[in-house]
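The values are calculated or read from the model by the stated rules, or taken from the named source; none is laboratory data. The structure presented is a predicted model; accordingly, all values stated were derived computationally and were not measured. Here Cβ is always computed from backbone atoms with ideal geometry, including for glycine, and neighbour counts include all displayed protein chains. What goes into the accessible areas is simple: the full protein's heavy atoms, side chains included, and nothing from ligands, DNA or RNA. Shrake-Rupley method; radii C 1.70, N 1.55, O 1.52, S 1.80 Å.
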Amino acid sequence: MLAVLVGCCGVHYYAGNSECHRTIAPLIKPGITTNEIERIFEDSILKHGAKPYQKGYKGYPYATCASVNDVIAHGFPSNKPLEEGDIVTIDTVAELDGWLGDSAWSYAVGQISPTAEKLMRVTKECLDLGIKQAQPGNRLGDVTSAIQRHAESHGFGVVRDLLAHGIGRDLHEEPTYMHVGNPGKGLRIKEGMVFTIEPMITEGTYFMTLDSDGWTARTMDNKLAAQYEHTIAITAEGPQILTAQ
Ligand code: MF3
Ligand code: CO
């Protein structure tokens with residue numbers, strides 16, 4: 001079913017995980033483990049009366065995905081301390097009253113390289129440019145082409161193998177789409193739709209490999225990847241970010 005915004009936006013807004021990201025941001029420093037981040041995130045979700053929806057979803061074992069450096073997405077939290085210069089993407093889905101909010105954020109661990117910094121900046125800009133195009137009457141290709149053009153103009157890659165998605169009472173609803181495309185093409189964006197925009201941008205190749213755990217998606221060349229994701233609702237006035245921080 002097409003993800004359609006039913007009822008009051010507030011419901012969705014609180015299902016978002018903005019608070020959890022705000023809680024964790026100042027704690028991400030060299031020495032913290034992604035297992036510790038997982039615990040803080042899960043506690044924060046539960047404290048807000050929401051549920052950590054990812055845990056158990058299709059067998060995924062954790063409330064968060066913690067994707068370090070060359071991991072594009074779906075990395076498992078671990079006991080390995082983060083190191084100065086790492087970048088880590090924390091992705092989580094919170095459920096409140098049956099509604100889901102999905103968002104991801106990349107964080108710098110201490111001082112990072114100029115390349116890592118640029119990758120994070122450009123990836124966040126890709127998300128913002130995509131959101132700006134998510135206007136009623138536009139097409140998904142307007143969103144995806146804005147993302148692709150920006151990433152590629154900086155020599156970065158756009159991951160094709162993991163998709164953005166409609167979201168509502170289910171995590172992955174129609175439409176699903178890659179973050180690449182052509183302006184004026186694809187599904188017409190209409191008021192009431194709710195979907196994620198979640199560009200995964202790579203320093204080198206956009207091809208990925210899957211670890212033997214069946215989840216951890218890495219860049220094939222082991223260069224860096226970053227991701228920022230919001231859940232957005234399309235209103236008559238334009239896109240509303242439901243997971244805004
Ligand atoms: N937040 C992820 C997404 O954007 C979901 C990860 S799948 C899970 O679709 F199994 F890890 F939860
Ligand atoms: Co998502």
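Quick one: which strands (runs of 3 or more DSSP E) sit completely within segment 150-238 and have at least 1 residues that are open to solvent by 20 Å² or more (accessible area, probe 1.4 Å) and more than 22 Å from ILE87 (Cα to Cα)? So that I can check it myself, show each step before the final result.
Details: elements: 164-166, 173-177, 194-197, 200-202, 208-210, 217-219, 225-227, 230-235.
Filter on segment 150-238 gives 173-177, 230-235.
When you go through (1) within 16 Å of ligand 2 (Cβ to nearest atom); (2) farther than 22 Å from GLY75 by Cα; (3) without any contact (Cβ under 8 Å) to a residue 40 or more places away in the chain one by one for LEU163, which number turns out not to apply?
Just one mismatch for LEU163, condition (2).
Looking at TRP105 and the list (1) open to solvent by less than 40 Å² (accessible area, probe 1.4 Å); (2) within 16 Å of ligand 1 (Cβ to nearest atom), which single condition is not satisfied?
Here TRP105 meets the rest and fails (1).
Got a sec? Which helices (runs of 4 or more DSSP H) wholly within segment 1-112 have at least 1 residues that are under 23 Å from CYS126 (Cα atoms), at pLDDT below 90 and not β-branched (Val, Ile, Thr)? Before the answer, list the steps.
On the way: elements: 9-15, 18-24, 34-47.
Because the criterion is at least 1 residues that are under 23 Å from CYS126 (Cα atoms), at pLDDT below 90 and not β-branched (Val, Ile, Thr), the helices (runs of 4 or more DSSP H) in segment 1-112 that meet it are 9-15, 18-24.
Any residue in segment 23-34 that is more than 15 Å from ASN79 (Cβ to Cβ) and touching a residue at least 24 places away in the same chain (Cβ under 8 Å) sitting within a Cβ distance under 8 Å of a residue that is open to solvent by less than 50 Å² (accessible area, probe 1.4 Å) and among the polar types (S, T, N, Q)? List the pairs, counting only those 6 or more apart or interchain.
ILE24/SER44
Return the residues of segment 15-47 that are of a type in the set (Gly, Ala, Ser), in contact with a Phe, Trp or Tyr (Cβ under 8 Å, 6 or more places away or on another chain) and under 20 Å from ILE112 (Cα atoms); say none if nothing qualifies.
ALA25
Can you tell me how many residues within segment 51-87 are touching a residue at least 12 places away in the same chain (Cβ under 8 Å) and within 16 Å of ligand 2 (Cβ to nearest atom)?
Selection size over segment 51-87: 17.
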